[in-house]
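Enquirer: Would you mind keeping the following structure in view while I ask a few things?
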Amino acid sequence: MGEQQPPKLTRRDFIASSSIAVGAAAIVISGSALVSTKESWGLEVKHLSPEAMSTLIQMSRDIYPHDRLADRYYAIACKNFDKPDLKETIEEGIKILNKLSQTQFGTDYVNIGWEAERTSLLEKIQTTPMFQALRGSLVTGIYNQKEVWPLFGYQGASFEHGGYIDRGFDDIDWL
Amino acid sequence: MVKFSKDDSSVVVVIGSGAGGGVVGTDLALKGIKTVILEAGKRHETHDFINDEWDSFSQLAWTDQRMTSGSWRVAKDFPQLPAWIVKSVGGSTTHWAGASLRFQEHEFKTKSTYGNVQGANLLDWPITLKDLEPYYAKAEDRMGVTRTNGIKGLPGNNNFKVFEKGAKAIGYKDVHTGTMAINSEERDGRPGCQQVGFCFQGCKFGAKWSTLYAEIPKGEETGKLEVRPESYVLKIEHDKTGKVTGVVYADKDGKVQRQKARVVCLAGNSIESPRILLNSHSSMFPDGLGNSYGHVGRNYMRHMTGSVYGIFDKPVRMWRGTVMAGIIKDEAMHNSSRGFVGGYEMETLSLGLPFMAAFLNPGAWGRSFTTALDAYENMAGMWLVGEDMPQETNRVSLHSTAKDAHGLPVANVHFDDHPNDIAMRNHAYKQGSAIYDAVGAVRTFPTPPYPSTHNLGTNRMSEKPRDGVVNKWGRSHEIPNLFVSDGSVFTTGGCENPTLTIVALATRQAEYIADQMNKGNI
């Protein structure tokens with residue numbers, strides 16, 4: 001169980017020496033941190049391996065794909081999983097996913113270029129506890145981020161603005 | 001505020017402070033009767049309410065463990081959340097949408113009207129519409145229901161305008177902004193609706209009727225009503241003669257207390273009320289209080305429900321304004337040529353983005369799901385609510401292993417849809433989609449039932465003791481000073497949102513209890 005797959009070892013060595021963009025998420029691993037150069041943010045992982053976290057972020061986007069959402073919203077949603085008691089479940093689940101990915105596409109999950117190919121793998125693991133835990137957590141992890149709401153047009157709390165009585169509750173003009 | 005002694009055996013103890021308990025308790029106090037309301041939840045006032053779906057859910061919802069079984073989809077999607085109801089002073093009148101509809105005449109006599117429906121345990125109510133009409137009138141007045149008592153209707157919001165235009169386009173006639181217990185203008189010391197949205201999260205303006213601020217304070221002013229929040233009832237006790245004598249509850253520190261009582265009114269909703277009766281078993285009542293004929297917990301109803309959301313190519317912004325101020329009544333009648341008995345209402349509904357993500361298609365993922373949410377701003381929504389068939393096997397029972405913090409079995413809610421419920425839901429989905437298609441929807445979504453908000457029927461009212469749990473006054477067939485005062489007394493469910501009927505029954509029951517006490521009969 002603890003033995004590393006040779007491809008992973010090789011990749012880790014490579015990452016440690018130079019740092020590379022992994023997969024479609026275009027997130028760079030540097031030491032114990034994930035860095036998005038495009039979006040200018042970094043995420044330090046404490047318990048999970050940075051590779052596991054970057055895989056989770058890609059999985060999150062593939063589970064709830066919104067082209068209007070930047071990676072950082074998915075990264076924030078995945079922070080909940082950086083916990084010691086979840087480490088084994090997550091990393092074991094990712095190992096299984098990557099094994100499937102290697103068998104079918106000859107590369108790790110995050111390196112597959114097409115969403116449809118990645119989701120075909122997710123469909124195979126969608127009944128596993130790891131997938132279910134991730135999907136369930138993302139429902140609030142993504143959609144309950146207040147920063148995400150305006151990107152969908154949702155306006156959130158209205159009481160402090162006096163409701164919508166003078167702010168367009170009946171302003172529809174195209175009917 | 002008045003405080004009664006726990007040893008005062010002259011008080012009426014009401015369990016629960018929602019539409020049933022809050023009204024019975026307030027009315028008894030107004031009639032000069034000493035009353036204690038035990039409420040499991042905390043007391044949150046309007047200023048405490050939160051315009052945020054999940055934070056409000058944490059604040060108000062009953063999230064103590066419950067279990068589910070049966071083939072209903074809620075058991076799969078929300079296995080420990082069969083119902084979305086409230087644990088807070090005011091009960092589910094803090095959360096309800098405000099739709100206030102009278103039952104139709106035939107809905108009090110479904111067995112006579114619908115005939116034999118296989119697998120359905122239909123029964124006529126021991127009362128008729130005529131019996132309840134005066135109390136409906138009182139309820140509408142006290143609650144300030146729009147389109148009654150000369151109160152004007154609420155204005156239509158964006159979601160309503162889409163709904164109305166589609167409804168008329170396919171030929172529906174009886175379409176308006178509803179009979180709502182939400183002030184369209186200032187009344188009874190409460191302001192008119194400010195179109196905040198967030199009706200389900202507690203109305204911060206208090207424009208929507210709730211026992212929390214529209215009833216209970218009036219009872220408390222008399223000095224005859226004490227509301228004791230964070231009082232979680234464990235069991236009802238009785239004496240050798242089979243009369244109830246008091247209520248055992250856990251206080252906010254978990255300490256067990258015992259309040260003596262002359263009369264007990266049980267109004268903990270259709271899940272907790274039967275659970276309390278079942279957990280109150282004794283050597284004299286081995287199967288639970290009032291359960292000699294085995295009906296306690298049975299015939300659980302939740303209304304046929306579902307939703308339809310439509311996506312348009314331009315913005316709707318359905319979340320703005322009163323959530324449920326919109327109704328189509330054309331399908332509410334009984335007309336078996338549609339392939340089912342009973343009828344259904346169509347009512348506007350909106351959810352915020354967080355709840356839409358949780359409830360649109362629980363468990364779904366991938367682009368077919370997320371492209372729906374991408375169009376959230378362009379979405380309109382409606383709720384479908386119809387009469388479901390009572391079935392003996394749909395049942396609230398004590399779970400065999402799961403226990404609460406006090407070591408008592410939690411409730412298990414078992415539910416299977418009746419074929420009539422499924423036929424009605426499919427009809428309603430089709431009609432709902434047609435409404436949105438008629439105004440140019442690009443996609444429509446038949447959305448599965450949410451955790452139950454209309455929990456009914458588990459202590460049904462019957463003329464004969466062998467057919468139910470309580471009589472036409474909500475009084476236990478076997479225990480003369482035990483009453484049930486919530487929606488669990490519904491013999492059958494009707495297709496209307498139940499709160500107005502619960503309030504009418506509670507008003508009527510309070511009159512009866514006061515009269516019987518005056519006469520020395522209890």
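The values are calculated or read from the model by the stated rules, or taken from the named source; none is laboratory data. The model shown is predicted, which means the values in this text are computed figures rather than measured ones. Note: ideal-geometry Cβ built from the backbone for every residue, glycine included; neighbour counts use all protein chains shown. Quick note on the areas: whole protein, heavy atoms, side chains included, nothing else; ligands and nucleic acids left out. Shrake-Rupley method; radii C 1.70, N 1.55, O 1.52, S 1.80 Å.
Enquirer: Which pairs break 22 Å Cα to Cα here: A:124/A:146; B:173/B:430; B:109/B:464; B:235/B:403; B:168/B:329; B:31/B:152?
Expert: Where the Cα-Cα span goes over 22 Å, the pairs concerned are A:124/A:146; B:31/B:152.
Enquirer: Still on this model: Where in the stretch A:132-175 are there chymotrypsin sites (Phe, Trp or Tyr not before Pro) that are in a DSSP coil and have at most 12 other Cβ atoms within 10 angstrom of their Cβ?
Expert: Those that pass, being in a loop and sparsely packed, are A:174.
Enquirer: Tell me the trypsin sites (Lys or Arg not before Pro) within the stretch A:48-82 that lie in a loop according to DSSP and have at most 14 other beta-carbon atoms within 10 Å.
Expert: Loop-located and lightly packed - A:68.
Enquirer: What is the local net charge at residue B:171, summed over the other residues whose Cβ is closer than 15 Å to its Cβ (Lys, Arg +1; Asp, Glu -1)?
Expert: +1
Enquirer: Peptide B:48-55: average number of partner chain Cβ atoms within 10 Å per residue?
Expert: Mean shielding by partner chains, rounded to a whole number: 3.
Enquirer: Oh, and also: Just in the stretch B:179-286: which GluC sites (Glu not before Pro) are loop by DSSP and have at most 11 other Cβ atoms within 10 Å?
Expert: B:186
Enquirer: Only bridges whose two residues both fall in chain B count here: according to DSSP, what percent of them are antiparallel, nearest 5?
Expert: 70 percent
Enquirer: Calculate the tail of P(r) for chain A: the fraction of all Cα-Cα distances greater than 28 Å, expressed in %.
Expert: So the portion of pairs separated by more than 28 Å is 29 percent.
Enquirer: If you don't mind, there's one more thing I want to ask. Calculate how steeply helix B:269-279 sits against the longest principal axis of the alpha-carbon atoms of chain B, using the helix alpha-carbon long axis, and give the answer as 0 to 90 degrees to the nearest 10.
Expert: The two axes meet at around 30 degrees.
Enquirer: Convex hull over the alpha-carbon atoms of the stretch B:290-431: what's its volume per residue in Å³?
Expert: Considering the Cα atoms of the stretch B:290-431, their hull volume per residue is 185 Å³.
Enquirer: On the protein heavy atoms, probe 1.4 angstrom, tell me the percent of accessible surface of chain B carried by carbon and sulfur.
Expert: 48 percent
Enquirer: Hey, another quick one. Where a Cα-Cα gap under 24 Å defines reach, which lysines qualify for residue A:46, not counting those fewer than 8 residues away within the same chain?
Expert: Residue A:46 reaches A:8, A:38, A:79, A:83, A:87, A:95.
Enquirer: Just tell me how shielded B:350-357 is by partners: mean number of partner chain Cβ atoms within 10 Å of each residue's Cβ, no decimals.
Expert: Other-chain Cβ atoms within 10 Å of each residue's Cβ, averaged: 6.
Enquirer: Rounded to a whole number, what is D in µm²/s for the stretch B:172-221 from Stokes-Einstein with the Kirkwood radius over alpha-carbon pairs (4 °C, 1.567 mPa s)?
Expert: Using the Kirkwood radius from Cα pairs, D works out to 107 µm²/s.
Enquirer: Here's something else I'd like to know. Out of all DSSP beta bridges in the protein assembly as shown, what portion is antiparallel? Express it as a percent rounded to 5.
Expert: Of those bridges, close to 70 percent are antiparallel.
Enquirer: Binning at 10 angstrom from zero up to the longest distance, how are the C-alpha pair distances of chain B distributed in percent?
Expert: So the P(r) values, bin by bin, are 4, 20, 32, 28, 13, 3, 0.
Enquirer: Evaluate 2.2 N^0.38 Å with N set to the residue count of the stretch B:1-158, then give the Cα radius of gyration divided by it.
Expert: Ratio of Rg to 2.2 N^0.38 Å for the stretch B:1-158: 1.30.
Enquirer: Could I ask something else about it? Ballpark to the nearest 100 Å², how much total accessible area do B and A bury together, probe 1.4 Å?
Expert: Summed over both sides, the interface buries about 3700 Å².
Enquirer: Let me check I've understood the local charge: for residue B:458, count other residues with C-beta under 11 angstrom from its C-beta, Lys and Arg +1, Asp and Glu -1. What total comes out?
Expert: Taking every other residue near residue B:458 into account, the sum is +3.
Enquirer: Within chain A, which is the longest segment that contains none of the GluC sites (Glu not before Pro) sitting in a DSSP loop with at most 15 other Cβ atoms within 10 Å?
Expert: Between the exposed loop sites, the longest stretch runs A:40-146.
Enquirer: Would you mind getting the Kirkwood hydrodynamic radius of the protein assembly as shown from its Cα pairs, rounded to one decimal in Å?
Expert: 26.8 Å
Enquirer: What is the sum of charges, Lys and Arg at +1 and Asp and Glu at -1, for the other residues whose Cβ falls under 12 Å from the Cβ of residue B:127?
Expert: -2
Enquirer: Relative contact order for the stretch B:372-522 using alpha-carbon pairs under 8 Å, separation at least 6, rounded to a whole percent?
Expert: Result for the stretch B:372-522 is 20 percent.
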